[in-house]
Each structure stands twice: as structure tokens, then as C-alpha cells.
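Structure, as C-alpha cells:
Derivation of every value follows stated rules applied to the coordinates shown; laboratory data play no part. These numbers were taken from a predicted model, which means no experiment stands behind them. Cβ placement follows ideal geometry from the backbone for every residue including glycine, while neighbour counts extend to all protein chains displayed.
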């Protein structure tokens, strides 16, 4: 797959092409998803945080990581649209990648791929779709909303890493319980409280280092890798090196980053991973 051609196509794709692409990927993810959590079995993974309509940053990541010509998998931590101006183009690119490399592209759900009753603001994705595709924009939006239901809530490398969008559910004991705690997974953030408090976001929780230690110990995981917040440096470490936050968009004005992890290697803490991140 030629990256330059893919990006160019994303900018000129018709409504019918977008609908056909979304329907094709819908069939793929319906067959693929067996549970809300995916166990990664690849040797190397490229990690992409929030994109929020930032096509330029996504283009850089795909080119710089050499994803298409490599054997690496790529995991997106959610929040594909909204805020930035190229939400439609972002979806065209990630869905094209999923269609071309179904076993190597992992799509997680973020809070902007919202659960029923937990709508987000700003949510300008449908407005962007209608502005670009006219009345067909609404049909495309409904297809994307159906796709979100088949995006994973989390991915795991046993004894090493847990990947998700937001935060750790404070009462989580086993990975197979994850679906019960979807709101916290999509909305929560690490904080400085000893235990946990309600989140000012209006959903999820702010959880402290004690919760992180307890939950990761329950799951046998060394490091949580998440997005949901935009560190100005592109990456941030919290909770004594147990959590890495990564952002892959520049829509907030800071730097962006992505990560490439050798999953065959020993598990690394967040401080080590932060030093490995490609910040741009």
C-alpha cells in the first residue's frame, strides 16, 4: 500500500467509496471480535494515541514507522475524530489500513467513540461528515457508530502490558470482566488522590497510585499504556512508572508521539517506554 496514494485518496474519496469501505470493515470486525479484550500475539507493535482529526500527524507516524512495509502490528488507542478538521480523512485511512491488513491493525474504542448515554463534547465528527459528503454524511456517521461497537475496549500482552484508552477500573480483578467497566476504561484518568474520586469529566473516575498498583497486580501486568489526555511533551509518566500516557495529535498545541515496542523483550516500565517514544 502506497502511503502517499492512501492519503491523497482520503482527501477525495466519494460518499459511496466511504460507505463501501465502512461496510467492508464492518464485516471484518464482526467476524474478528470475540470479546472486548484482545490478546496480542505479534512480535512488535506500533502504538498510536489520540488522533482527533490530525491527518498530518497520522501521515507522519505511518511513514516514519514504515508500518506498511514492516511486519509490525499497529494499535490505535481511540479518539479518531472530533476537534481536528480531518476526521473524515482519518477514518478513511484507518479503515483502509484495517481492510488491507486486518490481522495487523487493532482499533480500540475511545470516549469519543462514545457509549450510548455517554455522548461527548465537542463532537463535530457528524458536522464534518455532512459538510464533506452532504446528506450521505449522516449515513456514513451511522455506519461509523455501528463500527464503534466492534472496536476493542482493551488489548493485553500477558505479564507485560495493558493497552486501553482511558483508565483502570478501580474494582477490576480479572481481564474478562472488562466489559462491565467500559465507562471507566473509556473515561478515567490517573491522578494524585490516594484512592479515587469522581471525575470532573462527568464520567469515569480519577484514580490514584494505590489503585493502579492493586489493579495491575491483580491482572499480572507491569505497565498500563493509555491516551485520553494530551501531555504537552507527547508522553507522560505517572504512578511510579506504572502508567504511560501518549498523545499522537497536535490539535492541542503540544507535541505528538508514537511508540514502537518489541513484545518479545522484557516488560518495560513507563519511564523506559517514554524514552523510547518517537516525539515529533
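Counting only DSSP H runs of at least 4 residues, each contributing -39500 (n - 2.57), and dividing by the residue count of the chain, the helix-based mean residue ellipticity at 222 nm comes to -10500 deg cm²/dmol.
Temperature 4 °C, viscosity 1.567 mPa s: under these conditions the Stokes-Einstein estimate for segment 3-279, based on its Kirkwood radius over C-alpha pairs, is 70 µm² per second. On full extension, the segment bounded by residue 118 and residue 44 gains 23.3 nm, given 0.36 nm per residue less the C-alpha separation.
On the basis of the beta-carbon distance and an R0 of 45 Å, residue 272 and residue 16 show a calculated FRET efficiency of 0.45. Mind checking the angle between helix 3-12 and the chain's longest principal axis? C-alpha axes, 0 to 90 degrees, to the nearest 10. That works out to roughly 60 degrees.
For the options 133, 207, 163, a Gaussian network treatment of the chain with springs between C-alpha atoms closer than 10 Å singles out 133 as fluctuating the most. Helix 55-65 and the long axis of the chain differ in direction by around 70°, with both axes built from C-alpha atoms. Against the main long axis of the alpha-carbon atoms of the chain, helix 209-219 sits at an angle near 80°.
Taking the centroid of alpha carbons for each part, segment 45-101 and segment 134-189 are 17 Å apart. In terms of Cα atoms, the Rg and Dmax of segment 103-258 work out to 16.3, 50 Å. Once the Cβ-Cβ distance between residue 171 and residue 69 is put in as r, and R0 is 45 Å, what FRET efficiency do you end up with, to the nearest 0.05? Rounded to the nearest 0.05, the efficiency is 0.55.
Where both residues lie in the chain, what percent of DSSP beta bridges are antiparallel, nearest 5? Looking only at bridges with both residues in the chain, the antiparallel portion is about 45 percent.
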